[in-house]
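To keep things clear, I will list the structure first and then write my remarks on it.
Computed from the coordinates by the stated procedures, all read-outs in this text should not be read as laboratory data. Note that the coordinates shown come from a computational prediction; the quantities given were computed from them, not determined experimentally. Cβ coordinates were reconstructed from backbone atoms using ideal geometry, including for glycine residues, and neighbour counts include every protein chain displayed.
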């Protein structure tokens, strides 16, 4: 029985990943502007109106919505985040090998 648990677990993870991706939508400026997202790893990203950005992980900088995601220029990192919003109001951000769930900070 134990030899079937690993493949079954992997199948469940893949199913949840594909279902979540199918129903997730790219974030919009309205989803982010003036709001903070608290990520599952403890980081907090604040997307201020006017394109200012503040992150506990990356420092201060700027953000803007582009056709390929959220373009960020900060003190320690410059790149594009592909953030998606799920129907329940939570967020996801993934890079190869890492998955970050998030939600609006209280």
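With the cut-off at under 13 Å, measuring from each backbone N in the range 84-106 to a point 7 Å along the Cα-to-Cβ line of residue 28 picks out 85. Placing a label point 7 Å from the Cα of residue 95 along the Cα-to-Cβ direction, the residues of the range 54-68 with a backbone N closer than 18 Å are 54-64, 66, 68. Label sites at residue 103 and residue 80, each approximated as a point 7 angstrom past Cα along Cα to Cβ, lie 3.0 nm apart.
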